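K.L.:
Take a look at the following structure, please.
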Amino acid sequence: GCRGAQGRFAYKLLHDLFANYSSALRPVEDTDWALNVTLQVTLSQIIDMDERNQVLTSYLWVRQAWLDAHLTWDKDAYDGIDSIRIPSSYVWRPDIILYNNADDHFGGSMETNVVLRSDGHIMWDSPAITKSSCKVDVSYFPFDGQRCRLTFGSWTYNGNQIDLRNQLDTGDLTDFVENVEWEVLGMPATRNVVTYGCCSEPYPDVTYTLLLRRRASFYIFNLLLPCIMVSFLAPLGFYLPADSGEKVSLGVTVLLALTVFQLLVAESMPPSESVPLIGKYYIATMTMITASTALTIFIMNVHHCGPGARPVPPWARRLILHHMARLCCVYEVGESCKSPQRAPGRRVGREDTGVVGESPGEGEAGAEVGGCPRDRCLCHHDGLLRNVGYIAGCFRRHRATQRWTGEWKKVAKVMDRFFMWVFFLMVFLMSMLVLGKAA
């Protein structure tokens, strides 16, 4: 019986309250007075962060509270009813919207009930999925942090009509569902009073600054570590033997692999002037690999110099075959990098080069000194000496050419080892620089 009586009183209360009530006018006793509206935002979930379009999609609970001077009653006259819950469309509601809304449909809050108390206080809790514009700075991607602002304010009422204030100094993160990509560091709230160019009246707003930090584990294992490993693989092209024919192929393959990773990063980043940190690392690594491939081609040209090669210059023999060879521990078979190294080469003398064609007179003089007299020789002595001298000269020239070719091959080998260690050091320094900037 008591419940039935309270139900009848609630129906009577609803009828009495809204008999002469209009939800179109601001509910104040004096139109010159400002209506105090309190705002509190609870962040429930970060649905998506679109870096390319610079849009943050979040799930919020928006609580608004104000005093309606026309909706008060004596609770003793209505069987002690202190509060009722009615559809929000029945009462006047402040037109608080998200200023930096980036939604195509520009939808508002959900039409939920409001809690109306006997003293006229109204509390309206409504969930909303908002898309807000957020200026994204990807300079330190994937070790970046973002500051996304959510600015709430009245669209038509100025500060003399609605005094908007924040209930707490920060957004409520009690019921926040952790995001797999972003870590929320805080959500401070500030109240601002802005005078726009269109109007002379001040317009208050409440701005919630969402402090985000990217969880970089996914990008480290899928973008950064493969790039570092591929970068350390590139200098090993200098260690490959020149006769294998795979030195240039390795450099080109590594360059193509880094290009694919670079395209993956470029697809997810906004087209801006600020290049991401990982993009800078990719560009620097690709430049280094391009330089290493060009040096490999040059060194292979030195290695395959051919039979028409000239002798190694003295400065190159002294610098490369002596100092750099000991520095890079390049030694011949049977030697070691700690054993004393023999002279890198000696000048090719007359006995090495030989003469293209020895004159028959020299052979005849030798024959007369150490051989039998001409008048007693029964064979063709002159022709035989000329043929033997020609064969000996060809053999000496062939040995000299082989020695020169071997020296050029050793020069190429020393340069390979030297550039291998130089590029290994460059890759290590670039990796440490990227990690240092990330820290």
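K.L.:
Under a Cβ-Cβ cut-off of 12 Å, what is the net charge of the residues other than residue 189 that fall near it, where Lys and Arg count +1 and Asp and Glu count -1?
P.N.:
Around residue 189, the charge tally is 0.
K.L.:
For a protection proxy built on the mean count of beta-carbon atoms within 10 angstrom, sort 409-420, 73-84, 44-55 highest first, please.
P.N.:
Peptide ranking by packing, descending: 409-420, 44-55, 73-84.
K.L.:
A follow-up question, please. Rounded, prolate or oblate: which one fits the stretch 7-214, using the alpha carbon gyration tensor with axes a ≥ b ≥ c (rounded when a/c is under 1.5, else prolate when a/b beats b/c, else oblate)?
P.N.:
prolate
K.L.:
Whole-Hz Karplus ³J(HN,Hα) for the stretch 155-161, in order, using 6.51 cos²θ - 1.76 cosθ + 1.60 and θ = phi - 60°, x for Gly and Pro?
P.N.:
Rounded to whole hertz, the list is 8, 10, 8, 8, x, 7, 10.
K.L.:
Assuming R0 = 45 Å, can you tell me the calculated FRET efficiency for the pair residue 139 and residue 193, based on Cβ-Cβ distance, to the nearest 0.05?
P.N.:
0.90
K.L.:
Let me ask another. Not counting ligands, DNA or RNA, and with a 1.4 Å probe, what is residue 15's accessible surface area in Å² rounded to the nearest 10?
P.N.:
120
K.L.:
Round to the nearest 10 and report in Å² the accessible area of residue 117, as given by a 1.4 Å probe over the protein chains' heavy atoms.
P.N.:
100
K.L.:
Between residue 253 and residue 175, what length in nm is gained on full extension when 0.36 nm per residue of separation is reduced by their alpha carbon distance?
P.N.:
The residue 253-residue 175 span can extend by a further 23.1 nm.
K.L.:
Sum up the charges of everything whose Cβ sits under 9 Å from the Cβ of residue 210, counting Lys and Arg as +1 and Asp and Glu as -1, but leave residue 210 out.
P.N.:
+2
K.L.:
For a quick check of understanding: with a 1.4 angstrom probe and all protein chains in place, what accessible area in square angstrom does residue 255 have, to the nearest ten?
P.N.:
Number for this one is 50 Å².
K.L.:
Using a basic spin-label model with each label point 7 Å from the Cα along Cα→Cβ, how many nm lie between residue 168 and residue 11?
P.N.:
Computed distance between label sites residue 168 and residue 11 equals 4.1 nm.
K.L.:
Let me ask you something else. Of 281, 99, 219, which has the most accessible area and how do the rest follow, probe 1.4 Å?
P.N.:
My answer, sorted largest first, is 99, 219, 281.
K.L.:
Each residue of the stretch 221-237 in turn: what ³J(HN,Hα) in whole Hz from Karplus with 6.51, -1.76, 1.60 and θ = phi - 60°, glycine and Pro shown as x?
P.N.:
Here the 3J(HN,Hα) series is 7, 10, 10, 7, 4, x, 5, 5, 5, 5, 5, 6, 6, 4, x, 5, x Hz.
K.L.:
While we're on this one: At residue 209 and residue 72, where each label point lies 7 Å from the Cα along Cα→Cβ, what is the point-to-point distance in nanometres?
P.N.:
Using points 7 Å along Cα→Cβ, the separation is 4.0 nm.
K.L.:
For residue 136, which sequence-distant residues (separation of 5 or more, or a different chain) have an amide H within less than 5 Å of its own amide H, given hydrogens modelled in the peptide plane?
P.N.:
Counting only residues 5 or more places away or on other chains, the set is empty.
K.L.:
Set the Förster radius R0 to 41 Å, insert the Cβ-Cβ distance between residue 115 and residue 201 as r into 1/(1 + (r/R0)^6), and round the FRET efficiency to 0.05. Numbers along the way, then the final one.
P.N.:
Working: r = 31 Å, r/R0 = 0.75.
It comes out at approximately 0.85.
K.L.:
Under 29 Å between alpha carbons, and skipping anything fewer than 8 positions from residue 135 in its own chain: which lysines qualify?
P.N.:
Filter leaves 280, 437.
K.L.:
May I ask you to rank 295, 71 by accessible area, largest first, using a 1.4 Å probe over the protein chains only?
P.N.:
295, 71
K.L.:
Sticking with this structure for a sec: Averaging sequence separations of C-alpha pairs under 8 Å and six or more residues apart, then dividing by the length of the stretch 7-214, give the relative contact order as a whole percent. Working shown, then result.
P.N.:
Details: 452 pairs, mean separation 49.5, N = 208.
About 24 percent, as a whole number.
K.L.:
Tell me, what is the FRET efficiency for residue 264 and residue 156 to the nearest 0.05, using R0 = 35 angstrom and their Cβ-Cβ distance as r?
P.N.:
In this case the efficiency is close to 0.15.
K.L.:
On to the next question. Can you give the relative contact order of the stretch 172-302 as a percent, counting alpha carbon pairs under 8 Å and 6+ residues apart?
P.N.:
On the way: 109 pairs, mean separation 25.6, N = 131.
The normalised contact order for the stretch 172-302 reaches 20 percent.
K.L.:
How far apart, in nanometres, would the label points at residue 24 and residue 47 be if each is projected 7 angstrom from Cα along the Cα-to-Cβ direction?
P.N.:
According to this spin-label approximation, the distance is 3.4 nm.
The values are calculated or read from the model by the stated rules, or taken from the named source; none is laboratory data. Quick caveat, the model's predicted, so the values are computed rather than measured. Cβ: placed from backbone, ideal geometry, glycine included. Neighbour counts: every protein chain shown. Just the protein is used for accessible areas: all its heavy atoms, side chains included, with ligands, DNA and RNA removed. Shrake-Rupley method; radii C 1.70, N 1.55, O 1.52, S 1.80 Å.
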